[in-house]
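To keep things clear, I will list the structure first and then write my remarks on it.
Each reported figure results from applying straightforward, stated rules to the coordinates on display, with no laboratory input. A quick note: this is a predicted structure, and the numbers were derived from the prediction, not measured. Counting neighbours? That spans all protein chains shown, and the Cβs are built from the backbone with ideal geometry, glycine included.
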Amino acid sequence: MPPRRWGGSNSLQRPRHVKYNFPVFTLLVISMVAPLVFLAGRFSHFSSNFAQKDFLDGASVTSHENSSKKLSALERIETFFPKEVLDVIIANSRQPEPLDHNIVREKVLSSSLVEETTVGAIREPSVVFKAEEDITIQMKTVSEDELKVASEQQPKTIFDQQSENNNARVEHNDSFSALQDTEVKDESTAGGDSVSKNADPALLARREMRLHRHEKWLKELLQQDEEEQVQLENKAIEHSKEVDNAIFGKYSIWRPDENENSELLVRLMRDQLIMARVYASISQAQHHNQLLRDLRFRLRESQRCVGEASFDADLCRSAPQKIRAMGQILTRAREESDCPLVVKKLRAMLQSTEEHVRTLKKQSTFLSQLAAKTIPKGLHCLSLRLNVEYHMLPAHQQEFHNQEKLEDRSLYHYALFSDNILAASVVVNSTVLNAQEPEKHVFHLITDKLNYGAMKLWFQSNPPGKATLQVQNVESFTWLNSSYCPVLRQLEYKAMKEYYFKQDQATKFAAVSANLKYRNPKYLSMLNHLRFYLPKIYPKLDKILFLDDDIVVQKDLTPLWSVDLLGKVNGAVETCGASFHRFDKYLNFSNPHIARNFDPHACGWAYGMNIFDLAEWERQDITGIYHKWQNLNEDRALWKLGTLPPGLITFYNLTYPLDKSWHVLGLGYNPGIELTEIDNAAVIHYNGNLKPWLEIGFARYKPFWTKYVKFDNPFVQQCNINE
């Protein structure tokens, strides 16, 4: 049976039991809800209007009550305080809005000067209470003098108390600038020109006076600090000038250091390297592999940065970062290491380092002595060239003129014993150039056979002006032999030959001897011992001035011949101080011969510039005394080799002390001699190893010597001897 169709033949028919009533239902709901919504809206509108009206009425009542309370309070206060105090109180109580506590914490001048502006609030300066208008009218009638008195009597503000308790000028400057910034901020936030016109005159006057007072106080504080600083520096400078520079050197925190380079960072990094090596050794023994790798890495980085640096300026740019990184790894290593083990390791390193330092000191002493006593190449070249030229001269050109003055007792005679041509020429040139009457000066120069011809040719081609000069050969003194001279006789002993000439002695001595300088071959040269035979060499002279070849004459020396020696034989400058350069430093007082005859605290004196009374010398047989003590010292038990110890013994109680300005010593070993002392000296002496003709000599002392050297001489130029 075919299905039933709804409608036509091509459409389905709806069932009869289904009904659609949606539009009708919607209309019914709307018609019921709309009146209710309208009534609820009207009711809420009327409620809000009534509430706002009640609030405004209550606010007006409250404002009126507050105003009346203020007026009644002011009437009561007027009966207790004078008018000036009331004005101040009124000025400080004008605060219609709450304070901004953030600005008070920023060190503003006073909490009463700032008004807080909240977000969304609009400030209306024209809206004020009636009581405040009355107060403003009263404040305008106050005179300027009364304002000044009132501002001085007012209580201290927060800023005033903070400034008095704060001694730092920097914080005061910050507070002062904060005050100015706050005032600008107040004016800008309050409306600019409108605020300045409506501002309280008393408030502005008080603010201006306070600014002026703080500015004045700050200036006085700065001036006082500067004056105290200058006074402290002046006192420190005066104190530093009183320090003996010869003992403590030239260092002073108040004087500009000659070497302005700092070495603090270099020392710190080297100390860190030492500690890093210690911890690396301990970490390796304890198998802390990670710590060991970190330490080795930092060691390599720091070593590359330090290198051969001597000053902080020589370090790499990243030195501070490397110091910080090394410090962190050392702190970590210290926490992981055993303290007693570190101490043992450091003690072992200290002992090893001390032993190494002692070895280096001995080597340094040996090398310095070797450098000091070796003839420079230029001087050796000069001697050889002059010798060759001298022997090529005819016989009549090999002699000096004016030889008739050599025995004239009315002239000023000098004794000079040297084998150094350039040094001898400086002594002669400096003496002649500074003499007032050079024609009255006679120089007796004695040298060895090797340099005899060279010395004569030099002074023939470079004569000393109007002065007279004689050159002699020590080999020509036939009386100077081993039978007469104890020193020559002792050189023939087997023990002495072994002491000086045995092949392995130099190395052995460099390792164990503390007196390397006494093994110098110069002490075997008779040129060094001729000073004890002056009357024998110059029998017809009464007085003679002995000069070493390492001195420079800067003034006229003729007044020395008029010095009264008071019966003494030797006139010399004493060299002793508080505890040095006394007899016990040169002689062996454990020997009974020395202990019985000499005072260990007797003052020593200097060889190098000595005025000798030859007549008194002969009368007291000084040469015989020298021979006696030289024979007693056959085994070198009384003193070591040298000429100063036997000189101290020979002229004991026979030396007259000269003024120290005649002879300044130490230019060959002491770098701390003041230049003013050198300039005022008649003779400066380069005693020590650092001679001025050596490269190791002090550069600051060399100009006093080189200005008397004739560098334009052809022989000097051929031998490459330069300044």
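Quick one: if you stick a label point 7 Å off each Cα along the C-beta vector at Arg596 and Glu723, how many nm between them?
5.9 nm
Give the Rg (one decimal place) followed by the Dmax (whole number) of the stretch 640-683, computed from C-alpha coordinates and expressed in Å.
13.6, 35
Would you work out the Kirkwood radius for the stretch 304-390? I mean one over the mean of 1/r across all pairs of different Cα atoms, in Å. Mind dumping the intermediate values first?
Working: mean 1/r = 0.0538 Å⁻¹.
Here the Kirkwood hydrodynamic radius works out to 18.6 Å.
So if R0 is 22 Å, what FRET efficiency would Leu632 and Cys576 give, r being the distance between their Cβ atoms, rounded to the nearest 0.05?
Numbers: r = 24 Å, r/R0 = 1.10.
FRET efficiency, Leu632 to Cys576: 0.35.
Give the Kirkwood hydrodynamic radius (Å, one decimal) of the stretch 349-488, defined as one over the mean of 1/r across all pairs of different Cα atoms. Don't skip to the end; give the middle numbers.
On the way: mean 1/r = 0.0558 Å⁻¹.
Mean inverse Cα-Cα distance, inverted, gives 17.9 Å.
I want to verify the translational diffusion coefficient of the stretch 254-371 in µm²/s; compute it with Stokes-Einstein, Rh as the Kirkwood radius over Cα pairs, at 10 °C and 1.306 mPa s. Can you show the working numbers first?
Values: Rh = 16.3 Å.
After rounding, the answer is 97 µm²/s.
Pull up all non-local amide H partners of Ile544: gap of 5 or more, or a different chain, and H-to-H distance under 5 Å with H placed in the peptide plane.
The answer is Phe612, Leu614.
Work out the FRET efficiency for Lys449 and Val230 from their Cβ-Cβ distance, taking R0 = 60 Å, and round it to the nearest 0.05.
Values: r = 68 Å, r/R0 = 1.13.
Calculated value: 0.35.
For a distance above 17 Å, tell me the whole-number percent of Cα pairs in the stretch 401-440 that qualify. Show your work: numbers first, answer last.
Working: 312 of 780 pairs.
Percentage above 17 Å: 40.
Distances longer than 13 Å among the Cα atoms of the stretch 351-403: what percent of all pairs is that? Walk me through the numbers on the way to the answer.
Values: 1023 of 1378 pairs.
The answer is 74 percent, as a whole percent.
Out of residues 5 or more away from Val683 or on other chains, whose amide H comes under 5 Å of its own, with H placed 1.01 Å from N in the peptide plane?
Here Gln554, His663, Val664 satisfy the definition.
Would you calculate the separation in nanometres between label points at Tyr493 and Leu350, each defined as 7 Å from the Cα along the Cα-to-beta-carbon direction?
Modelled inter-label distance: 4.4 nm.
Using a Förster distance of 30 Å, how high is the FRET efficiency between Lys373 and Ala395, based on the Cβ-Cβ distance and rounded to 0.05?
With R0 = 30 Å, the Cβ-Cβ based efficiency is 0.25.
Looking at the calculated P(r) for the stretch 522-617, what percent of the C-alpha pair distances fall above 24 Å? Show your work: numbers first, answer last.
Values: 1619 of 4560 pairs.
Tail of P(r) above 24 Å: 36 percent of Cα pairs.
How large is ³J(HN,Hα) for each residue in the stretch 420-425, as worked out from phi by the Karplus curve 6.51 cos²θ - 1.76 cosθ + 1.60 (θ = phi - 60°), to whole Hz, x for Gly and Pro?
Whole-Hz 3J(HN,Hα) from phi for the stretch 420-425: 9, 5, 5, 5, 5, 5.
For q values of 0.13, 0.14, 0.16, 0.21 Å⁻¹, compute log₁₀ I(q)/I(0) with the Debye formula on a Cα-only model of the stretch 595-723, without solvent.
-0.76, -0.84, -0.97, -1.21
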